[in-house]
Amino acid sequence: MNLRSLALIGVIIFAFNLTGCAVLKGKEASPQVPEIQQQLYSLQRWKLDGRIAVKYGDEGWNANLTWEHEDRQDRLLISGPFSQGAVSIIMQSGLIYINEGNGVVTSSHEPDDLLKKRLGFSVPLPSLRYWVLGVPTPGFEYESKINAEAGVRGFEQQAWVLTFENYENVASFILPQKITIQGNAVRLRLVVDEWVLKN
């Protein structure tokens with residue numbers, strides 16, 4: 001599997017199984033999501049810079065990640081050291097654009113179908129915009145998972161499980177700083193170096 005395919009996988013896949021967890025069920029921005037965190041649902045503009053480590057089958061890869069969210073559009077840039085193998089992804093209103101460089105640009109109104117065709121499986125792209133903020137996607141059932149002994153928490157949603165290991169205070173919010181994820185033969189670790197919340 002080449003660098004660009006691994007980069008796409010690294011951005012898209014989020015799940016990690018916990019053991020010994022208490023489970024709570026909820027919908028939408030339920031009472032299980034702290035009130036201060038519920039305000040993240042109305043956050044319109046933010047940016048994160050960080051790093052991802054991907055393990056997919058026998059392949060492994062590390063990359064830099066920049067993700068900008070503005071209103072209804074998300075722009076992601078994934079690149080290796082010195083910007084090698086850069087891939088950009090734009091998601092807006094059910095439309096996805098993937099620019100793999102060298103004039104190779106793919107777009108589709110069926111993001112999941114496009115990803116399944118290119119990667120062999122599909123993922124809930126619209127949910128990622130919420131998951132990186134540490135909150136469940138509105139309108140879908142989820143299960144909160146808390147492991148007090150390990151000092152971690154997370155949730156399972158749409159057959160994906162997210163574990164948030166570290167948090168940091170950003171303005172009046174508490175945002176994830178380290179996320180470990182596993183699913184569909186993929187293991188991903190996202191470390192956020194900087195969060196920027198825009199007016």
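Computed from the coordinates by the stated procedures, all read-outs in this text should not be read as laboratory data. Because the structure is predicted, anything quoted here is derived from the model rather than measured. Positions of Cβ are generated from backbone atoms using ideal geometry, with glycine treated the same way; all protein chains shown enter the neighbour counts.
Observations on the structure shown:
- Charge sum, other residues only, whose C-beta stays under 15 Å from PRO176's C-beta, Lys/Arg counted +1 and Asp/Glu -1: +2
- Neighbour counting of Cβ atoms within 10 Å sorts the residues PHE164, PHE155, PHE140, fewest neighbours leading, into PHE140, PHE164, PHE155.
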